[in-house]
Amino acid sequence: MAELYRNSRDAWADTGLVGTALRKIQQFFEALGNGFKGQGFLSAGQVMERIANGTVGGRGPDGGASANRDARSESEMVGVSRKSWQSMLVRLLQGDKTLSPDLLVGKVGPILSGIGVPTGRIYMRGSKIQTVLKKHKDAHEAIMRLPELLDDPEVVIQQNRQDSDYRIVTSARTAAGHPIIANLKVEGETSRGQPGRIVMTVYGWNDAERGLSNAIRAGKLAYMRDESVVLRLLGSKGDAPLNLS
């Protein structure tokens with residue numbers, strides 16, 4: 001690692017126009033190759049640059065990196081995870097036998113974390129994905145976009161059921177206009193016994209108006225993006241109390 005770092009710093013020493021251009025071209029193609037291999041859009045030079053500026057291996061409370069670097073890194077990782085998710089879906093549909101039985105959707109985002117979902121990885125069983133794709137044609141696009149939909153839900157309802165802890169109402173819709181939901185089991189296990197947050201199923205919620213109204217009255221509404229979203233899901237009747245206190 002020390003030798004790699006020294007060589008990298010020596011390579012960066014050439015600040016001429018040609019040297020800079022060649023270095024950028026080299027890093028671009030290296031990062032592009034890594035991206036297609038599912039390793040993230042990073043080159044060795046970029047990794048070493050992060051070591052140099054403290055993003056990697058920092059010892060301070062913020063890991064040695066500034067907040068904007070952290071935000072940039074998180075954004076890059078989110079983008080990579082979504083591409084990896086869609087790549088795994090393609091492999092699943094192609095019958096790839098080397099694929100894990102549990103597909104990694106991503107990590108618990110700030111909204112779910114804020115309502116009490118423990119941090120950790122979110123998985124969905126490959127067999128469940130295939131079942132959803134066969135039974136719920138309207139959920140195909142939602143399955144493809146699942147990582148971003150879970151990161152930015154419209155409404156989250158606490159369920160406290162044996163098969164599901166949270167009902168996540170996404171911004172995706174069926175052809176009939178019904179919201180598509182994802183049921184999340186917080187204390188789930190992968191097929192290999194690893195702890196994780198498990199997406200149980202994804203489908204259109206045909207009875208959203210009555211179900212959401214009941215959840216509000218029972219005090220089970222854990223999160224809403226804004227009040228207008230809830231009123232729209234209730235058919236704009238506003239006949240359910242929105243006082244969450």
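Here are the numbers for this structure:
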| item | result |
| --- | --- |
| Some residue of the stretch 195-213 being under 23 Å from residue 108 (Cα atoms), out of contact with any strand residue (DSSP E or B) (no Cβ under 9 Å at 6 or more places or on another chain) and either open to solvent by 40 Å² or more (accessible area, probe 1.4 Å) or of a type outside the set (A, V, I, L, M, F, W, C) (or both) | no |
| Answer from 190, 131, 170 - the residue that is farther than 30 Å from residue 219 by Cβ, β-branched (Val, Ile, Thr) and open to solvent by less than 40 Å² (accessible area, probe 1.4 Å) | 190 |
| Selection count, the stretch 134-146, where residues are open to solvent by 10 Å² or more (accessible area, probe 1.4 Å) and either closer than 15 Å to residue 86 by Cβ or of a type in the set (D, E, K, R) (or both) | 8 |
| So residue 124, is it closer than 24 Å to residue 90 by Cβ and open to solvent by 10 Å² or more (accessible area, probe 1.4 Å) | no |
| Any hit, the stretch 136-148, residues being modelled with pLDDT of 90 or more and touching a Pro at 6+ places or on another chain (Cβ under 6 Å) | no |
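Here is a yes/no grid of residues against (1) part of a helix (DSSP H, G or I); (2) more than 19 Å from residue 104 (Cβ to Cβ); (3) free of Cβ contacts under 8 Å to residues at least 40 places away in the same chain:
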position	(1), (2), (3)
130	yes, no, yes
176	no, yes, yes
180	no, yes, no
185	no, no, yes
188	no, no, no
192	no, no, no
216	yes, yes, yes
223	no, yes, no
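The values are calculated or read from the model by the stated rules, or taken from the named source; none is laboratory data. What you are looking at is a predicted structure, and each value in this text was computed from that prediction instead of being measured. So basically every Cβ, Gly included, is an ideal-geometry build from the backbone, and we count neighbours across all protein chains shown. All accessible areas refer to the heavy atoms of the entire protein, side chains included, with ligands and DNA or RNA removed. Shrake-Rupley method; radii C 1.70, N 1.55, O 1.52, S 1.80 Å.
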